[in-house]
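A.B. asks: I'd like to ask you about the structure that follows.
The values are calculated or read from the model by the stated rules, or taken from the named source; none is laboratory data. Model, not experiment: these values are computed from the prediction. Here the Cβ is made from the backbone with ideal geometry for all residues, glycine too, and neighbour counts use every protein chain on show. Only protein heavy atoms, including side chains, enter the accessible area calculation; ligands, DNA and RNA are left aside. Shrake-Rupley method; radii C 1.70, N 1.55, O 1.52, S 1.80 Å.
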Amino acid sequence: MEAGLGINLHMENQDLYYGFISAIQFIASLHGLALASLLFFHTRFNQFSNRMLALSLLGISIVLIYEFSYNLELNETAAGFFLLLPVYNRSIIPVGIFFFTTSLVHGRQYLTKQEAWWWAPVLLELVLEASRIPMYLWVRTASEREAMEVYYEAIGEGLGLLVTLILLPLSLWWVFRYQRNLYEQTASPAGQSLAWLRRFLMSMLVLDLAWTISFIQASMGQDPEKTFIYLSLGLALFLFILGYFLILQREVFQPLPLPDEPASLPVRKLSTKTEQYHQDLLKLMTEQQRYLEEDLTLGKLSEGLGISPGYLSQVIHEKEGKNFFEFVNAYRVEAVKEKLLDPAFAHYSILGIAYECGFKTKSTFNTAFKKMTGNTPSAFRKKMTEKVPN
């Protein structure tokens, strides 16, 4: 009697557990479909990059819908026929994310011929899924159908995982390359930094790790159910967080103000005039105080020296051991430090002083100041004030 009661309680707990998981999967899938529709059709987000992201969200939503259906064993009912429709496509998720990333990084609203080849695995998986319908109708026995499902699942999962393992790291590489070029050319990257996209891609790589583990478990004959549940919950959380950004931080989905063409390093051998260019550069920064220009770029500063942006970048690297962002903001930080200790600026806020010294945004100022002094601006001011005798 007690054993039977324990089994019933265990089954009830399992039902509650799978019911809770299924509810999250279902709500998240609807949420993802709504976000995809918004990115596809709303005029505010009407650009190529957002449509590519919408394809990824659509793919994630369909995966969650299918997981929800399998948890409720809808595949065993008449409604299970709809699970045979060729809409389950894993490859579209990394392909959409890759095109979303490259369109932001390159500022293009189209695909190159080389990039278009990445649609091949998407089309291949579409054909694979479509072929399940006639095969399923021809197969009569349940055992044969189960074997067929294992076969199709292995091919589809393997293809999707392979594409993901290639395109997500490649997307991350493009972001790192973009940010490196950005800091080589501008001292105030407001509205241009892709730090949010880097975090977005790294979170997807974590989910990709869970996917890889579940695929290995299945290949070794182990049950990957728990791992795949964690993966589906991660995808659901991803959709909810993305919805927050879409509603409250719309600017990250707007056209990106890209920098000029990346500076080429190195562009030429250092000449006998290099030292003179370096001295002229220091004069521009100290005597003319060009660092006070909040929109100062590598191109603008190179015009003042009469040399190419690439050559100026090389001079800064060789003579100062810094990139353009670090070089200019070092002057700004020093100017801020002086004014923080100047009684004439005692009535200024720290941020007000930062703006006076050429900083354009609070985030850029805090990042540069902490990196170059090891203290936050407020901690530095407090420390220096305490050292001043009464």
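A.B. asks: Just to confirm my numbers, what's the Cα centroid distance between region 148-164 and region 311-390 in Å?
C.D. replies: So the two Cα centres are separated by 53 Å.
A.B. asks: Still on this model: Express the relative contact order of region 303-376 as a whole percentage, based on alpha carbon pairs under 8 Å and six or more residues apart in sequence.
C.D. replies: 24 percent
A.B. asks: Another question, then. Would you check the accessible area of Phe324, probe 1.4 Å, heavy atoms only, in square angstrom rounded to 10?
C.D. replies: 0 Å²
A.B. asks: Still on this structure, please answer the following. About its Cα centre, how strong a charge dipole does region 94-165 have in debye, to the nearest 20, once Lys and Arg get +1 and Asp and Glu get -1 at the Cβ?
C.D. replies: Working: 5 positive and 8 negative charges, 62 e Å.
Here region 94-165 has a charge dipole of around 300 debye.
A.B. asks: Assuming R0 = 41 Å, can you tell me the calculated FRET efficiency for the pair Phe176 and Ser37, based on Cβ-Cβ distance, to the nearest 0.05?
C.D. replies: Values: r = 32 Å, r/R0 = 0.77.
Plugging the Cβ-Cβ distance into 1/(1 + (r/R0)^6) gives 0.80.
A.B. asks: Evaluate E = 1/(1 + (r/R0)^6) for Ala346 and Leu282, where r is the Cβ-Cβ distance and R0 equals 25 Å; express this FRET efficiency to the nearest 0.05. Walk me through the numbers on the way to the answer.
C.D. replies: Working: r = 30 Å, r/R0 = 1.22.
With R0 = 25 Å, the Cβ-Cβ based efficiency is 0.25.
A.B. asks: Okay, moving on. If you take the beta carbon distance between Glu146 and Phe240 as r and set R0 to 30 Å, what does 1/(1 + (r/R0)^6) give as a FRET efficiency, to the nearest 0.05? Don't jump to the answer; show the numbers that get you there.
C.D. replies: Details: r = 34 Å, r/R0 = 1.14.
Efficiency at R0 = 30 Å is approximately 0.30.
A.B. asks: Taking 7 Å along the Cα-to-C-beta vector as the label spot, tell me the Leu128-Asp223 distance in nanometres, rounded to one decimal.
C.D. replies: Using points 7 Å along Cα→Cβ, the separation is 2.5 nm.
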